[in-house]
1. With the condition kept exactly as written, say whether any residue in the stretch B:205-212 is surrounded by 14 or more Cβ atoms within 10 Å (Cβ to Cβ), of a type in the set (Ser, Thr, Tyr) and under 19 Å from the mean Cα position of the chain (by Cα).
2. Scan the stretch B:131-143 and give yes if some residue there is crowded, with 22+ Cβ neighbours inside 10 Å, over 23 Å from B:ASN39 (Cβ atoms) and touching a residue at least 24 places away in the same chain (Cβ under 8 Å), otherwise no.
3. Let me spell it out: the conditions are (1) surrounded by 16 or more Cβ atoms within 10 Å (Cβ to Cβ); (2) modelled with pLDDT of 85 or more, and B:ILE182 meets all of them except one. Which number is the exception?
4. Show me the helices (runs of 4 or more DSSP H) found entirely inside the stretch B:157-246 where at least 1 residues are of a type outside the set (Ser, Thr, Tyr), more than 30 Å from A:ILE66 (Cβ to Cβ) and more than 8 Å from chain A (Cβ to nearest Cβ).
5. Restricting the first residue to the stretch A:150-173 and requiring it to be more than 7 Å from chain B (Cβ to nearest Cβ) and touching a residue at least 60 places away in the same chain (Cβ under 8 Å), which pairs with a second residue that is in a helix (DSSP H, G or I) and surrounded by fewer than 19 Cβ atoms within 10 Å (Cβ to Cβ) meet a Cβ separation below 6 Å and a spacing of at least six or different chains?
6. How many of the residues in the stretch B:52-66 are more than 15 Å from the chain's Cα centre (by Cα) and under 20 Å from B:TYR184 (Cβ atoms)?
7. Can you tell me which residue among A:LYS40, A:LYS28 is modelled with pLDDT of 90 or more, away from chain B (no Cβ under 14 Å) and over 14 Å from the mean Cα position of the chain (by Cα)?
8. Specify the residue that is farthest from B:GLY154 (Cα to Cα); the eligible residues are those in the stretch B:83-132 that are in contact with a helix residue (DSSP H, G or I) (Cβ under 6 Å, 6 or more places away or on another chain) and β-branched (Val, Ile, Thr).
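The values are calculated or read from the model by the stated rules, or taken from the named source; none is laboratory data. Keep in mind the model is a prediction, meaning the values are calculated, not measured. Counting neighbours? That spans all protein chains shown, and the Cβs are built from the backbone with ideal geometry, glycine included.
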Amino acid sequence: MRRLIKSLVCLIFILINSNSFSYNSDPKIFIEELVGDAIKTLSDKSISKDDKAKKIEAIALANIDINAISMYTLGGVRKTLEQDTLQEYKELFKKYFLKSLTSRLTDYSDNKFEVISADQKSETTTIVVSRIVESSSQPELKIEWRIYTKDPAKPLIRDLKVEGLSIARTQKEEFASILNSNNNDINVLFSKLKEFINK
Amino acid sequence: MSIKKYIIITLASVFILSTNLKAETECFEKVSRGIFKFNQSFDKVILRPIAAGYKKLPKSIQNGTGNFTSNIATLLTVPNHILQGQWSLAGQSSASFLINSSVGVLGFANPAKKLGLKNQQEDVGQTLGAYGFNGGCYFVMPILGPTTIRDSLGMIADTFVDPFSHITLREHEIFSVSGSNIDYFSVQGATAIDFRADNMSNLDNLEKNTLDMYSAIKSLYLQSREKKIGNTFSSEDDDEWSQFNK
């Protein structure tokens, strides 16, 4: 019995570690490994769409600074909100972000990805430049990754710029527009987020 | 009206209208949202189905169409490079046009790209932006889509600066080349279909995942114009992100 429990503990430990999705701490290699892992998952025909989504979610939770993105996208309104409301927003944003991300990625078709360069902007930020190689279905795409490196051992993605267009900024301006059209009522944004999460 | 008078009036209007307004400001949001809805319906019923059909054509035809329309757009790019003092880029675009129009069989092939010649597209709106004119307020035009005061006036000015417009829209003969309105609108139509087809999955994805498509398109349009005016790939927004450093 003891041996069985020991084996189970070992198995759980191995499973947890194999799913922790930790990559190299060098931002350039980090992106190479992370995207390589995501592409491998997405192009694996033996995995169901739901399982792919779960795996992509796990990769995102471990390697994207969702908390900072949620605050950035809320803009100046965040300074006027109570702590409880802010917490509720963060929870809703996380669900919205993950659903939106998996929905965008699970239809992925096989494309070649290359990391071109990395530029350390400051102690806390490195920009990694990459590209998706031109294919018959789409022209070449340049992608710039904003990597937060305050903890050098654990880099986190904060933004993606596709051909110079920032995903975080687009999201922020979308939220700002919803708030502006509704007298900065955060509940309207909450209901729109809930509507998206539940659809 | 002479071209000189038109340019002076355009510049004066842009200056007056854009000094106090940033491009993020809406000119008349309710009307723009209405037009945006109309444009979405137009896209759903007409443009998207045509683009979907176009995407089914052999890749060589799609590439040829894209090359042909972008080669014609070079005629507008060259004078705008010159107006912005970008002599090297003006030279590269001119060489690209000459090579593609001759060796590239009227621009259907793009041998200039293989030679490493840059051919980024420029218009009068970008030139005005490079001179420091703000976008002015943002609005949506029927069929033509998102724009700003500066860019819409620039779009009218484009037809005076662009030799292709002179030949086709105004039916002037340049170097024994002449054309008609139909040629102009056919090329504009082909450009729109080619663009829509290239962005088929991107726009479908955006529509599926956005909470407010109108403001997402507005943000993407304004970012794209900023990038084109600055001729930069990245913008600096470190200050705001640094607030979230723990």
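1. No.
2. yes
3. (1) is the only condition that B:ILE182 fails.
4. Correct list: B:163-168, B:181-198, B:213-230.
5. Once the first residue is more than 7 Å from chain B (Cβ to nearest Cβ) and touching a residue at least 60 places away in the same chain (Cβ under 8 Å) and sits in the stretch A:150-173, its partners that are in a helix (DSSP H, G or I) and surrounded by fewer than 19 Cβ atoms within 10 Å (Cβ to Cβ) give A:LYS172/A:GLY75.
6. The number of residues fulfilling the criteria is 3.
7. A:LYS28
8. Selected residue: B:VAL103.
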